[in-house]
Structures are given as structure tokens and as C-alpha cells.
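Just so you know, all these numbers are worked out from the coordinates, no wet-lab data involved. Note that the structure is predicted; figures quoted are calculated from it, not measured.
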Amino acid sequence: QYESTLNQYEINFYNWDGTLLQSSMVNYGEWPTYYNSDPWREADAQYTYTFIGWNPELSIVTGHQSYYAQYESTLNQYEISFYNWDGTLLQSGMVTYGDMPVYTGETPMREADEQYTYTFSGWDPKLSAVTGYTSYYAQYEATAITTAIENTQSNEVKTYKILRDNKIFIIRGDKVYSILGHVIEDWMPLGL
């Protein structure tokens with residue numbers, strides 16, 4: 001005559017990275033149970049993870065068994081913002097990790113001032129595939145404004161006084177000279 005004793009087997013539950021979450025002895029023929037809260041995997045820059053079950057699927061105990069947490073990954077989205085040179089928000093929206101951000105608004109503009117006119121030249125930093133929250137700022141190419149402020153003419157040569165970059169120059173014929181106040185300081189030809 002024999003007395004029978006149900007065998008017990010070690011059942012281990014591991015997280016995705018091999019970290020032991022739970023270990024217990026379970027009787028042969030019983031269903032293994034994970035008693036803790038659902039396993040968790042921290043999001044990385046690219047993905048957010050959701051626990052979806054165990055691998056292999058839980059089954060009646062017939063021997064030692066290890067189960068590993070399985071996760072569903074979802075691509076992260078990040079807010080991408082476009083600003084004008086003065087900090088005015090032009091566009092903002094969520095873009096999926098790895099996608100290229102696209103500015104869909106009107107071409108940014110900057111009004112001319114007394115010295116320069118401005119032409120939009122791109123974004124800073126340069127547009128690149130999304131890896132996190134990013135702000136882009138409109139960049140402009142400045143072109144100096146040249147204004148003729150006086151025009152005199154003699155029989156021999158035309159003379160123009162112009163204002164450029166808040167500096168006064170005098171042009172006589174095909175030569176350019178600098179002028180300080182209204183006194184010529186250097187009669188050597190200069191380039192504009």
C-alpha cells in the first residue's frame with residue numbers, strides 16, 4: 001500500500017528583461033497564479049509598452065515552468081512646435097516618433113526695419129526625424145537697405161550720397177568713398 005503525495009513544481013514569472021517577479025511551488029495539476037499587480041515596462045524614447053500576457057500561455061502545472069511577461073509596443077508621439085523669430089507660435093502638433101515634422105502653415109515672415117529686409121531661409125535646428133519634443137525657430141536672411149538720400153549732378157560726373165547699414169557713403173562716377181558726418185574721411189575707393 002502506498003500513500004500518494006502530489007508533486008509540487010517551481011513556477012517562476014519573469015519580466016521582459018529577465019527580472020524575477022515571482023517564484024512559488026505549485027501542485028501538479030493546478031493552475032499557476034501570478035499574485036502581484038501586472039508587470040510593468042518603462043517607456044523609452046520610441047515606444048510605450050502595455051502588458052498583454054505571458055509567454056508561454058499559462059497552463060496546468062505538469063512540471064517546472066518559467067513564464068515571461070509580454071508587452072505590446074506603441075510608437076510614442078511628441079509635440080513639435082514651430083515659432084517665428086520673435087517667439088510667436090506658428091504651428092504645434094503631435095508627430096509620431098521617427099516621422100519627419102512638416103510645417104504646413106504660410107511661409108514665415110519678418111517685417112523690414114530701417115536697416116534690413118528679411119527673407120525666410122529655414123528652421124533652427126534643421127528639420128530632422130522626431131525623437132522627442134522639439135521646437136523650431138524661423139531663420140531669416142537679412143539684406144541691407146540702400147537708400148539714396150541726395151542726388152547732385154555736374155557736367156563731368158554724377159554724385160550720389162547714400163545711406164546703407166546706418167553709414168553714409170558717397171558715390172562719384174564709378175568710385176565709392178566713405179563719409180563721416182558730412183566730412184569725407186577717406187578718398188580711397190571702397191566696396192559696397
ask   = What list of ³J(HN,Hα) values in whole Hz, one per residue of the stretch 56-62 in order, does the Karplus curve 6.51 cos²θ - 1.76 cosθ + 1.60 (θ = phi - 60°) give from phi, with Gly and Pro shown as x?
value = x, 4, 4, 8, 4, 6, 10
message = What would the Debye equation give as log₁₀ I(q)/I(0) for the stretch 54-152 at q = 0.13, 0.17, 0.21, 0.23 Å⁻¹, counting only Cα atoms as equal point scatterers?
response = -0.64, -0.83, -1.04, -1.15
ask   = Once amide H atoms are built 1.01 Å from N in the peptide plane, which residues 5 or more positions from Trp16, or in another chain, come under 5 Å H to H?
value = Ala69
remark   = quick note, the stretch 1-153, DSSP beta bridge pairs, % antiparallel (nearest 5) is 80 percent
Of every Cα-Cα pair in the stretch 1-130, the percent that sits beyond 22 Å = 61 percent
